[in-house]
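K.L.:
The structure follows.
The values are calculated or read from the model by the stated rules, or taken from the named source; none is laboratory data. From a predicted model like this one, the values you see are computed outputs, not experimental measurements. In this analysis, Cβ positions are derived from the backbone assuming ideal geometry, glycine residues included, and neighbour counts consider all displayed protein chains.
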Amino acid sequence: MKPSVKDDPMFVFAVISMLSYGALGITLPVMNLVFLEEGANLSSLAVLMAVYSAIIVATEIPSGIASDLYGRKAAFLFSKVCTIIGSIVLICATKSYHLAIVVVFLGLARSFSSGSFEALIIDWHNETNGIDALHKITTRLSIWETAGLSAGTLLSGFISLTFKKLGILPNHFLGCFLVGAIMQFIIITITVLFVKEPRSVHAKNIRQHATKTVVSGIMNNKMLVPFLMLACASGFMLSAIEKYWQPKLLEVSQTVHIASVLLGILMFVGFMGALAGTILAGKLIQGHPERIKPVLIIFRILLTLSLIGMATSTRSMMFSFAYGGFYLFLALAQIPEQTLLNRIIDSPMRASCLSASSFFLQIGGFASSIFAALYLRSTQNSILSFWCITALIGVSVLLLVLKPLVKIKS
């Protein structure tokens with residue numbers, strides 16, 4: 001007799017993870033376009049994105065603590081409900097302030113989803129296969145994320161075109177959010193029916209000490225410091241790339257037509273680079289724990305070099321190679337980084353620590369946005385110099401954490 005879906009948690013986790021990231025991927029390429037179509041201008045769009053980032057930063061660590069206290073499954077389901085509410089408000093929006101409501105709910109969804117479901121999967125995998133196999137589930141998590149995001153991104157354009165032909169929505173880009181909301185309902189149903197979260201024997205003790213103790217536990221864990229700094233640097237670099245790679249592509253492309261074609265292709269190339277890096281990183285460190293730190297350091301250096309390559313590109317082909325390389329090296333560095341991080345985290349505080357890492361990632365992105373807004377106000381400053389400074393920051397952070405990183409047991 002074949003095992004049922006309930007008897008195969010790994011399959012269920014894979015389906016939920018890919019559906020979740022697929023739903024996100026469907027909406028990512030059109031989110032800013034929808035806001036602009038719904039009444040925002042370039043200035044107010046920046047404000048909306050700042051509010052979105054601020055909500056994530058403010059709730060990232062509290063959401064992780066809530067996940068550890070009251071259950072990872074509950075936190076994950078709450079994030080799905082917030083996404084549905086945000087999508088419905090956006091589809092029905094008639095006033096500009098409705099967009100502010102949308103980013104609040106989407107920000108809450110982002111913060112409550114980060115770390116919660118991942119912590120649930122990692123704890124199950126550690127109990128089933130032991131901590132020595134941690135790199136395997138870390139690799140799988142990244143593969144599921146990348147596969148879901150890339151598939152969603154590719155589907156986004158087709159969904160928009162389909163709704164344009166149907167004409168049932170005032171803005172055909174809203175069709176992506178409608179499909180995304182339907183997918184969230186499916187994810188909630190699968191999670192409720194097939195995901196069982198074991199009751200943690202530590203939860204009661206954590207609840208008794210409450211939030212203050214959990215926060216102090218994170219802050220007093222010195223081994224976390226290098227990983228939080230690396231997360232902050234990653235957030236700074238990712239934000240710098242994600243905000244300005246489109247205008248840079250337009251700048252280095254021979255024609256607007258070529259740039260328009262490459263916009264969609266390059267986003268897919270980035271996801272495929274990340275997927276390739278994830279698979280390759282898993283193979284590089286599998287069975288060789290002594291390679292984890294060297295792999296992390298080498299590809300962190302190559303990551304900053306690829307950023308400089310993007311900054312100095314003068315042709316679209318050169319830029320495309322550097323762009324794909326950036327996401328390839330990012331994934332190659334993140335797998336060993338996440339493997340080491342999860343090894344030093346105690347299970348009862350896993351979601352809190354992962355949320356702290358995500359918090360510093362968002363802090364890095366927020367700092368990048370503020371710095372870019374101030375630095376690029378001068379007409380003499382350019383994306384090239386901004387990206388070169390960003391690469392320098394990435395290298396500097398790596399040098400600062402190198403010594404404590406080497407001391408961590410692989």
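K.L.:
Out of 120, 99, 161, which single residue is in contact (Cβ under 8 Å) with a residue 60 or more places away in the chain and farther than 20 Å from residue 336 by Cα?
P.N.:
Just a single option satisfies the conditions, and that option is 99.
Every residue, every condition in (1) over 27 Å from residue 328 (Cβ atoms); (2) out of contact with any Phe, Trp or Tyr (no Cβ under 7 Å at 6 or more places or on another chain); (3) β-branched (Val, Ile, Thr); (4) in the same structural domain as residue 65 (by TED's automatic domain parsing), yes or no:
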residue	(1), (2), (3), (4)
134	no, yes, no, yes
138	no, yes, yes, yes
148	no, no, no, yes
165	yes, yes, no, yes
169	yes, no, no, yes
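K.L.:
Taking helices (runs of 4 or more DSSP H) that do not extend beyond the stretch 60-163, which have at least 3 residues that are within 20 Å of residue 26 (Cβ to Cβ)?
P.N.:
72-92, 97-113
K.L.:
Of the conditions (1) modelled with pLDDT under 85; (2) among the basic types (Lys, Arg); (3) crowded, with 22+ Cβ neighbours inside 10 Å, residue 80 clears all except one; give me its number.
P.N.:
Just one mismatch for residue 80, condition (1).
K.L.:
Separate question: Return the residues of the stretch 25-39 that are touching a Leu at 6+ places or on another chain (Cβ under 7 Å) and surrounded by 20 or more Cβ atoms within 10 Å (Cβ to Cβ); say none if nothing qualifies.
P.N.:
25, 26, 34, 35, 38
Yes/no matrix, rows are residues, columns are (1) at pLDDT below 70; (2) of a type outside the set (A, V, I, L, M, F, W, C); (3) outside any loop (DSSP other than H, G, I, E, B); (4) under 25 Å from residue 383 (Cβ atoms):
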| position | (1), (2), (3), (4) |
| --- | --- |
| 192 | no, no, yes, no |
| 201 | yes, no, no, no |
| 207 | yes, yes, yes, no |
| 211 | yes, yes, yes, no |
| 215 | yes, no, yes, no |
| 218 | yes, no, yes, no |
| 224 | no, no, yes, no |
| 248 | no, yes, yes, yes |
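K.L.:
I've got another one for you. Name the residue, out of 12, 47, that is at pLDDT below 75 and in a helix (DSSP H, G or I).
P.N.:
Selected residue: 47, the only one of 12, 47 that is at pLDDT below 75 and in a helix (DSSP H, G or I).
K.L.:
Only residues in the stretch 291-303 that are touching a residue at least 12 places away in the same chain (Cβ under 8 Å) count as the first member; pair them with residues that are crowded, with 17+ Cβ neighbours inside 10 Å and of a type in the set (S, T, N, Q), Cβ under 7 angstrom, at least 6 apart or cross-chain, and list the lot.
P.N.:
As it stands, the answer is 292/339, since those pairs meet every condition given.
K.L.:
How many of the residues in the stretch 164-184 are in a loop (DSSP other than H, G, I, E, B) and without any contact (Cβ under 8 Å) to a residue 60 or more places away in the chain?
P.N.:
So the count comes out to 4.
K.L.:
Still on this model: Quickly run through the stretch 122-136 and pick out the residues that are aliphatic (A, V, I, L, M), under 27 Å from residue 273 (Cβ atoms) and surrounded by fewer than 22 Cβ atoms within 10 Å (Cβ to Cβ).
P.N.:
In the first step, residues of the stretch 122-136 are kept if they are aliphatic (A, V, I, L, M); the result is 122, 131, 133-134.
The next check asks that each one be under 27 Å from residue 273 (Cβ atoms); those that pass are 122, 133-134.
Listed by number, the residues that qualify are 133, 134.
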